[in-house]
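Worksheet: the structure to be examined is printed underneath.
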Amino acid sequence: MTGTLGRLILLVALAVPGLAGCSERATGTPAQKAPPAVPVAAGIVEQKVVPVQVTAVGNVQAISTVGIKSQVAGQVMRVHFTEGQEVKRDDLLFTIDPRPSETALQQAQANVGRDAAQLRQVEAALAQRQAEVGQVQAALERDLAQMENVKIWEARYKELVERELVAREQYDTYRTNLAATTATVQADRAAVENAKAAVRAAEAQIENARAAIRADEAMVESAKLQLGYTQIRSPMDGRTGNLLVQPGNVIKANEDNPMVMIAQVHPIYVSFAVPEQHLTTIKKYRAEGLKVEAIRSDSGQPPTAGKLTFVNNTVDATTGTIQLKATFENADNTLWPGQFVDAVLTLTAEKGIVVPTRAVQAGQQGPFVFVVKPDLTVESRPVKPGRRLANETVIDSGLKEGERVVIDGQLRLVPGARVDVKGQRAS
């Protein structure tokens, strides 16, 4: 009877809040307290315009790489740069011993002077021959005039002889004079032809002399070119590599091994490949300019932004991918030839539900998040994650805009647990 009465008192005390203390005192058993709230940090589920991106492993490549070789043989006298130095176009890199080339240039210039003197000689000879032509032509004209005069007198005396008005001896004198002047004219004409032939020969000698001078001048230019090759300059802006030839070495012209390699790193390429199913979208948006980001996983630095500038003309049948190249200004040398980076190609943008990536947990039934309900308890809700951005994840299904999710402190949570939200921020 006493035990039954005690139980009735306990039930009444539990049912009536004011009698709870009496029940504890009556029974001597303390009441069970609710567990404390778990401190967590929460984030807001938001709807944003998020980029549609493709991520691939990219390889950094120099825009162009040039192997510096000498075009003349000789001894390396001086190196004008240090290994790994940034050089500009036309910067002096090497000096090859210029003395053999200088000697060849002086000899070629001396040949020009010699042949120029010969040209002046044959020009003087030509002038003399031309003067002789003038002299013999004047003599020819004089003798022609005499011959015409003698012809007239010969014709007159011939008529007089036939009429027996003068002695034949007088006619014979004029006939002899006519024959003599005719022979003189013929000799003069031959002399004119000889003088003209001498002029043509002198003109040919002048042409030969001028041709020799042109050949000598070409040799001078060649010697100057060879002398210029003794100073090796950078063909472009870039960064030098290992120095493979030290001062004092004798090198050959156009050796197989370069003296140094120069790589152009401003701007620079990142080459990567994406699955061929993205090719249609790439071609669709390429005219608008597709953005590519290079992310170095080991640096902790923000991504480097560039533009897609090359799409290969064929799909690799063995891998089902298409090769792409993006160009980066690389003004701060963040990208280095041969380096591997994550290349993120942004194709377009669309609306989506995003949460901080830290909110998504891996469970036995798949990914889930802890959703903070209005009564400050949490609910374990399965979600379907989509694309992952820098610090956010797109949720394809499972969440609605405006809900709160736990982003820190999940290890101490169970479904239905009360939480104390210490920090809250948007995704």
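The values are calculated or read from the model by the stated rules, or taken from the named source; none is laboratory data. Keep in mind that what you see is a predicted model, and the values were worked out from it rather than measured. Here Cβ is always computed from backbone atoms with ideal geometry, including for glycine, and neighbour counts include all displayed protein chains.
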>> Take ALA218 and tell me if it is part of a helix (DSSP H, G or I), surrounded by fewer than 15 Cβ atoms within 10 Å (Cβ to Cβ) and at pLDDT 95 or above.
In response: yes
All conditions in (1) more than 24 Å from THR318 (Cα to Cα); (2) small (Gly, Ala, Ser); (3) touching a residue at least 40 places away in the same chain (Cβ under 8 Å) are true of GLY289 except (3)
With criteria (1) at pLDDT below 90; (2) more than 24 Å from the chain's Cα centre (by Cα), GLY320 comes up short on (1)
Among strands (runs of 3 or more DSSP E) completely within segment 377-427, the ones holding 2 or more residues that are over 22 Å from PRO39 (Cα atoms) and touching a Pro at 6+ places or on another chain (Cβ under 8 Å) are 384-388, 392-397
Residue pairs qualifying under the 7 Å Cβ cut-off, at least six apart or on distinct chains, with the first in segment 185-200 being closer than 10 Å to LEU140 by Cβ and the second being exposed (fewer than 15 other Cβ atoms within 10 Å of the Cβ), are none
SER297 fails exactly one of (1) touching a Pro at 6+ places or on another chain (Cβ under 7 Å); (2) in a loop (DSSP other than H, G, I, E, B); (3) in the same structural domain as ALA343 (by TED's automatic domain parsing), namely (1)
Q. Do we find that LEU347 is surrounded by 15 or more Cβ atoms within 10 Å (Cβ to Cβ), touching a helix residue (DSSP H, G or I) at 6+ places or on another chain (Cβ under 7 Å) and part of a strand (DSSP E or B) in this structure?
A. yes
In the set THR357, THR327, THR334, the lone residue that is among the hydroxyl-bearing types (Ser, Thr, Tyr) and either in the same structural domain as ARG381 (by TED's automatic domain parsing) or touching a helix residue (DSSP H, G or I) at 6+ places or on another chain (Cβ under 8 Å) (or both) is THR357
* Hey, VAL57 loosely packed, with under 12 Cβ neighbours inside 10 Å, within 60 Å of the chain's Cα centre (by Cα) and at pLDDT below 90 or not -> no
Here the qualifying pairs (Cβ atoms under 7 Å; residues six or more apart or on different chains; first in segment 262-280 and farther than 22 Å from THR82 by Cβ and outside the structural domain of THR318 (by TED's automatic domain parsing); second at pLDDT 95 or above and buried (at least 19 other Cβ atoms within 10 Å of the Cβ)) come out as none
Of the residues in segment 170-189, those that are polar (S, T, N, Q), surrounded by 17 or more Cβ atoms within 10 Å (Cβ to Cβ) and over 14 Å from GLU154 (Cβ atoms) come to THR184
Residue pairs qualifying under the 6 Å Cβ cut-off, at least six apart or on distinct chains, with the first in segment 225-244 being more than 20 Å from PRO98 (Cβ to Cβ) and the second being aromatic (Phe, Trp, Tyr) and in a loop (DSSP other than H, G, I, E, B), are THR240/PHE81
When every residue in segment 323-344 that is part of a strand (DSSP E or B) and touching a Pro at 6+ places or on another chain (Cβ under 8 Å) is compared, the one modelled with the lowest pLDDT is VAL344
Looking across segment 359-399 at residues that are of a type in the set (Lys, Arg) and at pLDDT 90 or above, the single one that is farthest from ASP420 (Cα to Cα) is LYS384
Of LEU126, LEU119, the only residue that is under 30 Å from LEU227 (Cβ atoms), touching a residue at least 24 places away in the same chain (Cβ under 8 Å) and crowded, with 16+ Cβ neighbours inside 10 Å is LEU119
When restricted to ALA197, ALA223, the only residue over 35 Å from the mean Cα position of the chain (by Cα), small (Gly, Ala, Ser) and farther than 30 Å from GLY338 by Cα is ALA197
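Results for (1) assigned by TED's automatic domain parsing to the domain that holds ALA195; (2) part of a strand (DSSP E or B); (3) on the phi > 0 side of the Ramachandran plot, shown as yes or no for each residue.
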| site | (1), (2), (3) |
| --- | --- |
| ARG78 | no, yes, no |
| THR82 | no, no, no |
| ASP90 | no, no, yes |
| ALA104 | yes, no, no |
| GLN107 | yes, no, no |
| VAL112 | yes, no, no |
| ALA117 | yes, no, no |
| VAL122 | yes, no, no |
| LEU126 | yes, no, no |
